[in-house]
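Values quoted throughout were computed directly from the atomic coordinates according to the rules given, and no laboratory measurement underlies them. Worth saying up front: this structure is predicted, and the values here are computed from it rather than measured. Every residue, glycine among them, receives a Cβ derived from its backbone with ideal geometry; neighbour counts consider all protein chains shown.
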Amino acid sequence: MWLSRDVPAIVAVNLTIIWKTSSFVALILLAGLQSIDKNLYEAATVDGANAWQRFWRITLPLLRPAIAVALIFRTLTAIQTFDIPYAMTNGWSRPHARDARPVHLQHRQRVQHRLRRGAVGGPVRDEFRDHALLHALDLHERLTAAPGCRRSW
């Protein structure tokens, strides 16, 4: 219910997206840190540089390409982010919705209801047809899944 209000929903969605992507950014920055030669730090220490100077004059300049790559990837991911806010907030279509079911469950129930009604609107009694419709529904869900939520075939 609290995800149907604006401020808690924005906070929850942002925290979820940060949690989802922070490990990838950390991995890129860790690779950038490991690529810096240790001899540079030793030479700076011998020259009398303190930790703050070593960070600003060695670490940060040599880490800038990794930061740029992480920023580019994170920007592209932010542009493509649709599935998390849509799934968490019911699409923001009804700001104070009482129905707290996830959107994918609502969609699945609507599709199942439409498929089971059959072409003439009556109940479908054929078990084979029910089984085929459920497989069609599963295929539909796999094909329309968001890029971040792909299932393995």
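For the reader, a short list of remarks on this structure follows.
- In order along segment 14-22, the Karplus-derived 3J(HN,Hα) couplings, from 6.51 cos²θ - 1.76 cosθ + 1.60 at θ = phi - 60°, round to 5, 4, 5, 5, 4, 4, 5, 9, 5 Hz, and Gly and Pro are given as x.
- Distance between modelled label sites at Gln34 and Ala51, nm, 7 Å Cα→Cβ extension: 2.3
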